[in-house]
1. So the check is Cβ under 8 Å with 6+ separation or different chains; which pairs have a first residue in the stretch 142-158 that's over 18 Å from Pro228 (Cβ atoms) and a second one that's in a loop (DSSP other than H, G, I, E, B) and at pLDDT 80 or above?
2. Of the residues Gly128, Gly135, Gly98, which is small (Gly, Ala, Ser) and touching a residue at least 40 places away in the same chain (Cβ under 8 Å)?
3. Could you tell me which numbered condition Ala406 fails, if it satisfies all but one of (1) in contact with a Ser or Thr (Cβ under 9 Å, 6 or more places away or on another chain); (2) hydrophobic (A, V, I, L, M, F, W, C); (3) not assigned by TED's automatic domain parsing to the domain that holds Glu306?
4. Please enumerate the residues belonging to the stretch 186-224 that are part of a helix (DSSP H, G or I) and in contact with a helix residue (DSSP H, G or I) (Cβ under 8 Å, 6 or more places away or on another chain).
5. For residues that are at pLDDT 80 or above and in a helix (DSSP H, G or I), scanning just the stretch 38-60, find the one that is farthest from Val84 (Cα to Cα).
6. Return the residues of the stretch 108-122 that are buried (at least 17 other Cβ atoms within 10 Å of the Cβ) and assigned to a loop (DSSP other than H, G, I, E, B); say none if nothing qualifies.
7. Give the residues of the stretch 362-395 that are touching a residue at least 40 places away in the same chain (Cβ under 8 Å) and either under 21 Å from Ile494 (Cβ atoms) or hydroxyl-bearing (Ser, Thr, Tyr) (or both), sorted by residue number.
8. Please enumerate the residues belonging to the stretch 326-348 that are crowded, with 20+ Cβ neighbours inside 10 Å and either out of contact with any strand residue (DSSP E or B) (no Cβ under 9 Å at 6 or more places or on another chain) or not assigned by TED's automatic domain parsing to the domain that holds Glu375 (or both).
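The values are calculated or read from the model by the stated rules, or taken from the named source; none is laboratory data. In this text, all values refer to a predicted model and were calculated from it rather than measured experimentally. No Cβ is skipped: glycine too gets one built from the backbone with ideal geometry, and neighbour counts run over all protein chains shown.
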Amino acid sequence: MAGKVFLVGAGPGDYRLLTLKACDCLKIADTVVYDRLADPRILQYAPKDAEYIYVGKASSQHTMTQDKICQLLVDLAKEGKTVVRLKGGDPFVFGRGGEEALLLKENNLPFEIVPGVTSAISVPAYAGIPVTHRGVAASFSVITGHEDPTKETSDINWPQLAKATDTLVFLMGVANLPKITSKLIENGRSADTPIAIIRWGTKLQQQVWTSTLADAADMAKREAIKPPCIFLVGDVVNLRKDLAWFDNIAMKPLFGKKVLVTRSRAQASKLTAKLEDLGAECIEAPAIEIKAPSDGYKALDGAIAELNKYNWLIFTSANGVEHFWQRLQQAGKDARALAQAKLCAIGSATAEALQTRGLMADVVPDRYQAEGIIEALKGEIKEGTKVLIPRAAEAREILPDTLRKAGAEVDVVTAYETVMGEVAAEDIKQALTDGQIDAITFTSSSTVINFLKLIGNDTSLLKQAKLAAIGPITADTMKKHGLAVSVEAEEYTIDGLVEALKEAF
């Protein structure tokens, strides 16, 4: 049975401009065929075990020719696979999606088009330039700027185009600016017309240059402007001085800083979002992945079967709450099964994880670590008190050992374990070598240990970056491995870590 191909627009660069339907398509993909300009974080919406094929094309550099890409989609669909062809911008706006769709049609293979937010209007919008504006521009044109300048006959009707619409938007036109500007002036567009060149539009590294049509090519040469860029011509450019809203990000405390986030992929988005709100550019390199225990849930399920015997349940992470709750439901139980026990959460995030499931923690220590729990439970633990601790496979023994010394009967069961995450280690090492990383965040001891494994334990790579720890336990692990702790959160939470980084910069 034939598969199906979804030709999906990935948007202009900011991964948050991905559409809901694009996310839905990615979730069911067997194979994702993706371009250079699609933000890698978009791939997180696809299944972990999906096949990923990079076919990106940069200026004059082709990983795979268009004909081969078209044939690849046909071959994959004939194998019965659900394929997402992920393209920057919109697949039908100079995305060559039509060619791919036609070949699929010729082969009687089903396909769907999922439009994307095109860079033709979104990139100018992020630069504070509306392509239309009452009293200034009532029309706009979108033109390829990538036409081969050596062609004897142009496909662009320059005499008509030069003055046909108020605003002209050339996609990928920076390399051909001398020809584009000369053709427009030659055919009647005023040399004084305002222009804008926008590089990496909608992304944190967005850059905008403004000038006149006559000066555009020389300016691009002077400033050494490189692709990917949009070239915009029209009086609407003058509105930028009042509407340049995205430029305000440059006033944010972490603007221009590149932060490497080592948290698990499922959890990294919260930290990334908070850092990006402060202007940082985040690179996600999940050093750990949260998984079910390698020896199964037998111990946890056994404890859940006898929940009514416990006086206290102590949760030391939000992950512990999540996996405990999953197994509780698997056993056909709900919050009523915890009626006999009191609940302790190691910190605000863990308490929040309980609260989202309708459970209020009886105790949340002031210090978000095992020692804080021990202090908070003084007077509560007596001889014979029965305690259950669902936690990670790898954890310090200080909490259960101290509780046992106080007379408690403690059952420690594995709710989950952390394993090495899947990261493009060579790319990360190169970025560190080149001094491109300003800070690295560590949110647990396991992120420290696994990240060092990923970089071959070469601690010299980390000397140029600020190394940030979420709390003292993580900081101690860093020091034990020879790392200098530049930043340590006073409050051992994601918010505390973000605040500490803000202060550090």
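1. Going by the 8 Å Cβ cut-off, the qualifying pairs are Trp158/Asn187.
2. None of the others qualify; the one that does is Gly128.
3. All conditions are met except number (3).
4. Listed by number, the residues that qualify are Glu186, Ala216, Ala217, Ala220.
5. Applying the filter and picking the extreme gives Arg41.
6. The answer is Leu109, Pro115, Gly116, Val117, Thr118.
7. Correct list: Arg367, Tyr368, Gln369, Ala370, Ile373, Thr385, Arg391, Ala392, Glu394, Ala395.
8. Leu328, Gly347
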